[in-house]
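Here's the structure we're looking at; comments come further down.
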Amino acid sequence: MNKVVLMGRLTKDPEVRYSQSDSPVAVARYTLACDRRFKRDGEPSADFIPCVSFGKQGEFVEKYFRKGMRVAVSGRIQTRSYENGEGRRVYVTEVVVEEQEFAESKSSSDDYRREQSRSNGGFSMGSDPGDGFMNIPDGIDEELPFN
């Protein structure tokens, strides 16, 4: 069984491209910084996991995901290789996203981004002190499966 579940923060705004076909398909790539449960020497550490979403999922990422947001994803690990412009074989391991959702309220995400813009340090993971409920972002009503 190949199943991955991750929760983390986007390290930067996602990169979205569309395939060159008669009916273009969105391909969204982003990296999640996921906290490690155990810390070395008391310092926080994270794993940086590349993720890719296709089609409607990719369009959703383009519209709503931004740097610093905490999201939860599930999918499968995929490995592939290709030859780069210099003729070298490049190996890639990434998560192909099957499901993705917001993992915090919009205001908590905005607070986190403001905090990060004030600090000069590296990427640090924050915690959501909220009430445990997620706010639905503005403008998403038409994409919900219920009203």
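The values are calculated or read from the model by the stated rules, or taken from the named source; none is laboratory data. Every value quoted in this text rests on a predicted model; they were computed, and no experiment measured them. Please note: Cβ atoms are built from the backbone with ideal geometry, for glycine as well, and neighbour counts cover all protein chains shown. When the accessible area is computed, the model is the full protein with side chains, heavy atoms only, and any ligands, DNA or RNA have been set aside. Shrake-Rupley method; radii C 1.70, N 1.55, O 1.52, S 1.80 Å.
Brief remarks on what is shown
- Residue within segment 43-55 that is over 20 Å from V16 (Cα atoms), hydroxyl-bearing (S, T, Y) and exposed (fewer than 10 other Cβ atoms within 10 Å of the Cβ) present: no
- Residue within segment 127-145 that is modelled with pLDDT of 95 or more, among the β-branched types (V, I, T) and either on the phi > 0 side of the Ramachandran plot or open to solvent by less than 90 Å² (accessible area, probe 1.4 Å) (or both) present: no
- The residue list R66, R17 contains one member that is in a loop (DSSP other than H, G, I, E, B) and either in contact with a helix residue (DSSP H, G or I) (Cβ under 9 Å, 6 or more places away or on another chain) or modelled with pLDDT of 95 or more (or both), which is R66.
- Residues that are under 15 Å from A103 (Cα atoms) and touching an Asp or Glu at 6+ places or on another chain (Cβ under 8 Å) within segment 31-59 comprise A33, C34, listed in sequence order.
- Scanning segment 1-11 for residues that are surrounded by fewer than 14 Cβ atoms within 10 Å (Cβ to Cβ) and within 9 Å of the chain's Cα centre (by Cα) turns up nothing.
- For segment 20-42, the count of residues that are touching a Phe, Trp or Tyr at 6+ places or on another chain (Cβ under 8 Å), surrounded by 15 or more Cβ atoms within 10 Å (Cβ to Cβ) and part of a loop (DSSP other than H, G, I, E, B) is zero.
- Among the residues examined, G68 qualifies as open to solvent by less than 90 Å² (accessible area, probe 1.4 Å), touching a residue at least 12 places away in the same chain (Cβ under 8 Å) and at positive phi.
- Qualifying residue in segment 76-92 (condition: open to solvent by less than 50 Å² (accessible area, probe 1.4 Å), of a type in the set (A, V, I, L, M) and closer than 13 Å to L32 by Cβ): no
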